[in-house]
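The values are calculated or read from the model by the stated rules, or taken from the named source; none is laboratory data. From a predicted model like this one, the values you see are computed outputs, not experimental measurements. Reconstructed Cβ throughout: ideal geometry from the backbone, glycine too, with neighbour counts over all protein chains shown.
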Amino acid sequence: MILITGGKYQGKLEFAKKCASSARVRDMKDFLEEAVSGKVIVNKFNDWFRSEPETASEKALEIFLKGSDVILITEEVGSGVVPMSEDDRKYRERLGRTVNVLAERSDAVYRVFAGIPEKLK
């Protein structure tokens, strides 16, 4: 698995497409509903994660830690203003901790800023 992170509108999806031009792009929700084989770019991980507050972390770890031919795109959290609402702070913490585990187990990790990818792992 390759993990790509970065802020909103920084070029994460465009970079993923350069890494795997023949890969299909699926939102996380669609990826879970379809039986997809081969290289897949999984986009909008954050949106799905927020929509499944009680189970997202466990589901994500179960799916991605068993090894898959996936490029997972997630938005960076934690490098900015602390959310005012308790629910948003909990979401940010859960997502951050989940992404830490996914990054640790990924084959490669990139951060994209202003369209420029930086290899972290």
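Kindly indicate whether LEU102 is among the aliphatic types (A, V, I, L, M), in a helix (DSSP H, G or I) and more than 20 Å from ALA23 (Cβ to Cβ). Judged against the criteria, LEU102 is not a match. Would segment 67-84 turn up any residue that is loosely packed, with under 13 Cβ neighbours inside 10 Å and under 21 Å from LEU32 (Cα atoms)? Within segment 67-84, one or more residues are loosely packed, with under 13 Cβ neighbours inside 10 Å and under 21 Å from LEU32 (Cα atoms).
Is it the case that VAL77 is within 22 Å of LYS119 (Cβ to Cβ), at pLDDT below 95 and either charged (D, E, K, R) or part of a helix (DSSP H, G or I) (or both)? Reasoning before the result, please.
Numbers: within 22 Å of LYS119 (Cβ to Cβ): yes; at pLDDT below 95: yes; either charged (D, E, K, R) or part of a helix (DSSP H, G or I) (or both): no.
When the stated conditions are applied, VAL77 does not pass them.
Checking the stated criteria, GLY96 turns out to be within 13 Å of the chain's Cα centre (by Cα) and surrounded by fewer than 17 Cβ atoms within 10 Å (Cβ to Cβ). When segment 66-98 is filtered for residues that are in contact with a Ser or Thr (Cβ under 8 Å, 6 or more places away or on another chain), among the polar types (S, T, N, Q) and in contact (Cβ under 8 Å) with a residue 60 or more places away in the chain, only THR74 remains. Against the condition within 12 Å of the chain's Cα centre (by Cα), in contact (Cβ under 8 Å) with a residue 12 or more places away in the chain and farther than 14 Å from VAL42 by Cβ, how does VAL101 come out, does it pass? Yes. Within segment 31-50, does at least one residue satisfy the condition of being assigned to a helix (DSSP H, G or I) and small (Gly, Ala, Ser)? No, segment 31-50 has no match at all. Do we have any residue at all in segment 15-25 that's in contact with a helix residue (DSSP H, G or I) (Cβ under 9 Å, 6 or more places away or on another chain) and surrounded by 14 or more Cβ atoms within 10 Å (Cβ to Cβ)? The answer is yes, given that some residue of segment 15-25 is in contact with a helix residue (DSSP H, G or I) (Cβ under 9 Å, 6 or more places away or on another chain) and surrounded by 14 or more Cβ atoms within 10 Å (Cβ to Cβ).
Residues considered: ALA56, ALA35. Of these, the only one that is over 17 Å from MET1 (Cα atoms) and either surrounded by 12 or more Cβ atoms within 10 Å (Cβ to Cβ) or touching a residue at least 40 places away in the same chain (Cβ under 8 Å) (or both) is ALA56.
Only a single item in (1) crowded, with 17+ Cβ neighbours inside 10 Å; (2) in contact with a helix residue (DSSP H, G or I) (Cβ under 6 Å, 6 or more places away or on another chain) is not met by ARG111, and it is number (2). Scanning segment 1-30 for residues that are in a helix (DSSP H, G or I), without any contact (Cβ under 8 Å) to a residue 40 or more places away in the chain and in contact with a Phe, Trp or Tyr (Cβ under 8 Å, 6 or more places away or on another chain) yields MET28, LYS29.
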